[in-house]
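In what follows, a structure is listed as structure tokens, so that the remarks can point back to it.
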Amino acid sequence: MRAWILLLLVAGAVCPTWASDVEPVKVIIDSDPGVDDAMAILLALSSPSLEVVGITTVFGNVTLDNATANALTLVELAGTDVPVARGAERPLTKPRRSPPTFVHGADGLGEAGLQKPAGAPLDVSAAEFIVEMARRHPGEITLLPIGPLTNIALALAIEPRLPELIREVVLMGGSARTEGNVTPVAEANVFGDPHAADIVFTAPWRVTMVGLDVTTKVRMQDEVLQRVAADNPRIGGFVWDITRFYKAFYESRGVRGGFYVHDPSAVAYVIDPTLFQTAAARVRVATDGLAEGHTITALGTPPEFWTAWHEAPEVHVCLEVDAERLLALYESTLVP
Ligand code: BDR
Ligand code: CA
């Protein structure tokens, strides 16, 4: 027994980073909750691998007021005091469009009859909060945007050194090789604010795109949610209730074998990137016209005469995912 303890102490001395390797990753989730956002936030709040230092809200699946109320509801449900900061009410340039109530319900959480939250958001804006946290924890924060990218672009405008201060950006949005979900070529979050998305994809930081190429390959089945609800009635029961509306939407669109797991897939990437296969690429976003919101992706190293892509920084695009292992991670995190 003593020999084992000695061995562990020696290993700690030889590998001084050992202890810090298991430190949870600090994340700020930028979200428009949204049913799958709610699932993503609850996954992150339940994961010992992550420390959620804040949730920032943005228009998208619902209005900003609704998104902020929903974020507060989730924080209270999880029994945490994670701060919530209100963000952008509309895109940087294009007009705001009405929320897709047919996907997430009028309240954004599946019209499950939830009570209003007791708490209130911070006095600072989402963009200010992101900048403040990045300055306080340089090199430590992972930004996890799972809605339109407006707040992130606004934070870059406040603090141009943000890319040096942020550890990485892991975003749910876009598609490299598959069709879009709001137009034949555009994914909803990028379409929500294409100008902001292009700013984020071309800033000099490490960006990983968890887009429709992978999120449509992960299908959540009722059996998984039933087990989670049985073993963790508080969180799992809530997820069961809010997902009925969302599930019906996907079924009405002919999606079989479960509903798409968009936003939780981005959280899963931060917890365990080995679930995914990525490729190096350069991504630019079409900001208007018929292709508005298209993440035009040049895989590999683009030739010099593809100037807009050649001059853009490298982005890591998720192309494949181990869906079975991701669903197992979801289940084991909510029911440890
Ligand atoms: C994305 O759009 C929203 O409806 C979801 O919450 C997700 O973030 C998928 O395209
Ligand atoms: Ca979302």
- Message: Return the residues of the range 74-92 that are surrounded by 19 or more Cβ atoms within 10 Å (Cβ to Cβ) and without any contact (Cβ under 8 Å) to a residue 40 or more places away in the chain; say none if nothing qualifies.
- Response: VAL82, VAL84
- Identity of the residue in the range 93-107, surrounded by fewer than 18 Cβ atoms within 10 Å (Cβ to Cβ) and not basic (Lys, Arg), that ends up nearest to ligand 2 (Cβ to nearest atom): PRO100
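The rows are residues; the columns are (1) farther than 30 Å from LYS247 by Cα; (2) more than 15 Å from ligand 1 (Cβ to nearest atom).
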| residue | (1), (2) |
| --- | --- |
| ARG97 | no, no |
| PRO117 | no, yes |
| LEU149 | no, no |
| LEU154 | yes, yes |
| ALA188 | no, no |
- Message: Among the residues that make up the range 51-73, is at least one of them farther than 22 Å from PHE129 by Cα and surrounded by fewer than 23 Cβ atoms within 10 Å (Cβ to Cβ)?
- Response: no
- Message: Going residue by residue through the range 34-48, is there one that turns out to be among the small types (Gly, Ala, Ser), surrounded by fewer than 24 Cβ atoms within 10 Å (Cβ to Cβ) and closer than 24 Å to ASP193 by Cβ?
- Response: no
- From GLY192, GLY180, GLY147, GLY110, grab the single residue that is within 25 Å of SER49 (Cα to Cα), buried (at least 20 other Cβ atoms within 10 Å of the Cβ) and among the small types (Gly, Ala, Ser). GLY147
- Message: Take the conditions within 20 Å of PRO33 (Cα to Cα), at pLDDT 95 or above and away from ligand 2 (no atom under 15 Å from the Cβ) and apply them to VAL124. Does it pass?
- Response: yes
- Note on the structure: Picking from LEU43, LEU64, the residue that is within 22 Å of GLU168 (Cβ to Cβ) and within 16 Å of ligand 1 (Cβ to nearest atom) would be LEU43
- Is there a residue being away from ligand 2 (no atom under 16 Å from the Cβ), at pLDDT 95 or above and in contact with a Phe, Trp or Tyr (Cβ under 7 Å, 6 or more places away or on another chain) anywhere in the range 321-330? yes
- Message: Looking at the range 42-60 only, could you name the residues that are closer than 13 Å to GLY147 by Cβ, aliphatic (A, V, I, L, M) and touching a residue at least 40 places away in the same chain (Cβ under 8 Å)?
- Response: VAL58
- Item | Single condition VAL131 does not satisfy, out of (1) part of a loop (DSSP other than H, G, I, E, B); (2) closer than 25 Å to GLY174 by Cα; (3) out of contact with any strand residue (DSSP E or B) (no Cβ under 6 Å at 6 or more places or on another chain) | (1)
- Might you check whether a residue that is within 16 Å of ligand 2 (Cβ to nearest atom) and assigned to a loop (DSSP other than H, G, I, E, B) occurs anywhere in the range 261-278? yes
- Sole residue being of a type outside the set (D, E, K, R) and within 12 Å of ligand 2 (Cβ to nearest atom), chosen from ALA71, ALA44: ALA71
- Task: Mind listing whichever residues of the range 108-121 are of a type in the set (A, V, I, L, M) and either within 16 Å of ligand 2 (Cβ to nearest atom) or in contact with a Cys (Cβ under 6 Å, 6 or more places away or on another chain) (or both)?
- Result: LEU109
- Query: Is it the case that the range 124-146 has a residue that's more than 12 Å from ligand 1 (Cβ to nearest atom) and without any contact (Cβ under 8 Å) to a residue 12 or more places away in the chain?
  - Reply: yes
- Query: Listed residues GLY258, GLY237; which is surrounded by fewer than 22 Cβ atoms within 10 Å (Cβ to Cβ) and farther than 28 Å from HIS316 by Cα?
  - Reply: GLY237
- Query: Name the pairs: first residue in the range 306-317 and closer than 9 Å to ARG282 by Cα and without any contact (Cβ under 8 Å) to a residue 60 or more places away in the chain, second residue surrounded by 13 or more Cβ atoms within 10 Å (Cβ to Cβ) and among the acidic types (Asp, Glu), Cβ to Cβ under 6 Å, at least 6 apart or on different chains?
  - Reply: none
- State whether one or more residues within the range 283-306 are surrounded by fewer than 18 Cβ atoms within 10 Å (Cβ to Cβ), in a helix (DSSP H, G or I) and either more than 16 Å from ligand 1 (Cβ to nearest atom) or charged (D, E, K, R) (or both). no
- Set ASP65, ASP107, ASP81: member being on the phi < 0 side of the Ramachandran plot, among the acidic types (Asp, Glu) and part of a helix (DSSP H, G or I): ASP65
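The values are calculated or read from the model by the stated rules, or taken from the named source; none is laboratory data. Quick caveat, the model's predicted, so the values are computed rather than measured. Because the Cβ atoms are built from the backbone with ideal geometry, glycine has one as well, and the counts that use them run over all protein chains shown.
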